[in-house]
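J.: Got a structure for you, written out below as structure tokens; questions coming shortly.
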Amino acid sequence: MAVPLETRSDCARCAALCCIAYPSQDMPGFTAAKEAGQPCPKLGDDARCTIYADRAEQGFAGCIRFECFGAGQHVVQHLFGGRDWRDNPALRGPMVETFLAIRPVSDLAFLVERALGLAPSPESVTELERLRDELQAIASTRESLSDGPRIAQAEAAIRRVYASIDPTKLRET
């Protein structure tokens with residue numbers, strides 16, 4: 001059985017993957033410019049954030065606003081079995097690639113959970129539960145994360161469900 005996808009980040013169970021994966025030049029909320037794939041200059045020698053407690057004051061409010069919807073901890077804890085690039089630097093590239101691959105799946109899983117919380121029709125609940133299972137299956141291996149058509153089908157199905165939800169319910173959440 002596939003491991004459930006969590007839809008909220010848990011930085012303590014991750015390995016600073018978002019601090020490496022994304023470029024930060026020209027992005028609001030990030031005062032240090034870095035290329036995609038390069039560690040943030042605020043990561044210390046232990047690869048942990050040196051300004052975590054006062055990120056906003058240091059010009060990194062974007063770090064506070066960022067939400068991976070559980071992608072980071074899923075990569076570290078489930079897809080890499082708790083192994084970490086900080087202990088094995090050769091894992092950094094594969095972990096970052098996997099993090100970037102799972103992000104769309106995690107975003108979709110968040111949308112499924114959000115839609116389920118809006119008390120949709122019984123038919124939509126059935127479809128959303130099926131989609132939750134499908135996304136968990138996609139996220140269960142690194143190989144299945146490269147199945148673009150399967151992910152696109154799940155996204156299209158989620159869009160159809162959202163089209164059936166009362167827009168006022170969406171605005172209220």
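J.: Return the residues of segment 141-173 that are among the hydroxyl-bearing types (Ser, Thr, Tyr), farther than 17 Å from Asp107 by Cβ and in contact (Cβ under 8 Å) with a residue 12 or more places away in the chain; say none if nothing qualifies.
T.: Thr141, Ser164
J.: Just wondering, is there one or more residues in segment 47-70 that are part of a helix (DSSP H, G or I), exposed (fewer than 14 other Cβ atoms within 10 Å of the Cβ) and acidic (Asp, Glu)?
T.: Yes, segment 47-70 contains at least one residue that is part of a helix (DSSP H, G or I), exposed (fewer than 14 other Cβ atoms within 10 Å of the Cβ) and acidic (Asp, Glu).
J.: Another question, then. Being farther than 16 Å from Ile102 by Cβ and either in a helix (DSSP H, G or I) or among the polar types (S, T, N, Q) (or both) is the filter here, so list the residues in segment 20-38 that pass it.
T.: Within segment 20-38, Ser24, Gln25, Thr31, Gln38 meet the criteria.
J.: Restricting the search to segment 1-12, which residues are of a type outside the set (Gly, Ala, Ser), under 13 Å from the mean Cα position of the chain (by Cα) and surrounded by 13 or more Cβ atoms within 10 Å (Cβ to Cβ)?
T.: Matches in segment 1-12: Leu5, Glu6, Thr7, Asp10, Cys11.
J.: Something else now. Quick one: which of Arg92, Arg83 is part of a loop (DSSP other than H, G, I, E, B), open to solvent by 50 Å² or more (accessible area, probe 1.4 Å) and either of a type in the set (Asp, Glu) or at pLDDT 90 or above (or both)?
T.: Criteria check complete, one pass: Arg83.
Quick grid of which residues meet (1) surrounded by fewer than 18 Cβ atoms within 10 Å (Cβ to Cβ); (2) among the aliphatic types (A, V, I, L, M):
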residue	(1), (2)
Ser124	no, no
Glu127	no, no
Leu145	no, yes
Pro149	yes, no
Pro167	yes, no
Arg171	yes, no
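J.: Just the residues that are in a loop (DSSP other than H, G, I, E, B) and open to solvent by less than 90 Å² (accessible area, probe 1.4 Å), please, taken from segment 129-143.
T.: Ala139, Ser140, Thr141 - these are the residues of segment 129-143 that are in a loop (DSSP other than H, G, I, E, B) and open to solvent by less than 90 Å² (accessible area, probe 1.4 Å).
The values are calculated or read from the model by the stated rules, or taken from the named source; none is laboratory data. Just so it is clear, the structure is predicted and the values come from calculations on it, not from any experiment. Note: ideal-geometry Cβ built from the backbone for every residue, glycine included; neighbour counts use all protein chains shown. The protein model used for the area step is the full one, side chains on, heavy atoms only, and it has no ligands, DNA or RNA in it. Shrake-Rupley method; radii C 1.70, N 1.55, O 1.52, S 1.80 Å.
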